[in-house]
Amino acid sequence: MERKFALGPDDEPPDPVGWPGVDAAAEPQRFELDALYYDTGDIRLANAGVTLRRRTGGGDDGWHLKVPGEGEGRLEHGLALEVAADAPPEEFARQVQHLTDGEPLRPICRARTIRVERRLDGPEGPVATMCDDRVTTHNLLDPTLDQRWHELEVELTEDGTLDFLDAVTEHLTGLGIREVSIASKLKTALTPQEQPG
């Protein structure tokens, strides 16, 4: 479960030490992520809230399939890159075939992200990961929708709670940082409107 917030191009995220429920923050780690998203030509997966991507450059290189979970949460399944090189793994293709209905999966968008990541610790250990993301997307279906934006993402760990996420959201919005309602980078990249930042 995660929340996203809009930052301006030159904004720095507020220091997380002192956020409600945060006692300490790990040293920042910088990643250059490269994600290629797959869908049908009429984006049936995205319209159903499902994302399928091949991503490299971070600590979780591989194929990722995200599907809607309970409430605002999402369930993420991962497979190693060795499972499939240049096409979605058969296992994931089978899981979404009720949505694709025979339409082939193809690359529809590439997202490159400069990410600065910090682990956030509460009194009893890690509660969330904070990601400062500068995103550039290339829409392979409509290049006129190529976009660039800056966002802050707060994602719960196993021990993080919704109460923590709500408290952080209230804290950040109180600082004038706007929560972004769009759930995923892909959804933002496919949306023909002005983006955060």
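Using C-alpha pairs below 8 Å separated by at least 6 residues, the relative contact order for the chain is 29 percent.
For the chain, with all protein chains present and a 1.4 Å probe, just round the carbon and sulfur fraction of the accessible area to a whole percent.
Numbers: 4800 of 10230 Å².
Carbon and sulfur together cover 47 percent of it.
Only one of [x] 30; [y] 38; [z] 49 was calculated from the structure for percent of Cα pairs over 27 Å apart, and its label is [x].
Loop sites by DSSP among the GluC sites (Glu not before Pro) of the chain, restricted to those with at most 10 other Cβ atoms within 10 angstrom, leave 1-69 as the longest stretch without any of them.
Taking the inverse of the average 1/r across all pairs of different Cα atoms in segment 48-88, what Kirkwood radius in Å do you get? Don't skip to the answer; put the middle values down first.
On the way: mean 1/r = 0.0913 Å⁻¹.
One over the average 1/r among Cα pairs gives 11.0 Å for segment 48-88.
Evaluate the relative contact order of segment 40-134 (contact order divided by residue number), counting alpha-carbon pairs under 8 angstrom at least 6 apart; express in whole percent.
Numbers: 106 pairs, mean separation 20.0, N = 95.
Averaging sequence separation for qualifying contacts and normalising by length gives 21 percent for segment 40-134.
Think of a 1.4 Å ball rolled over the protein heavy atoms: segment 97-197 then has 53 Å² of accessible area per residue.
Backbone geometry of segment 83-98 corresponds, through the Karplus equation with coefficients 6.51, -1.76 and 1.60 at θ = phi - 60°, to 3J(HN,Hα) couplings of 5, 8, 8, 10, 9, x, x, 4, 4, 6, 4, 5, 5, 10, 5, 5 Hz, x marking Gly and Pro.
The values are calculated or read from the model by the stated rules, or taken from the named source; none is laboratory data. Because the structure is a prediction, the values reported are computed rather than measured. All Cβ positions, glycine included, derive from the backbone under ideal geometry; neighbour counts span all protein chains shown. When the accessible area is computed, the model is the full protein with side chains, heavy atoms only, and any ligands, DNA or RNA have been set aside. Shrake-Rupley method; radii C 1.70, N 1.55, O 1.52, S 1.80 Å.
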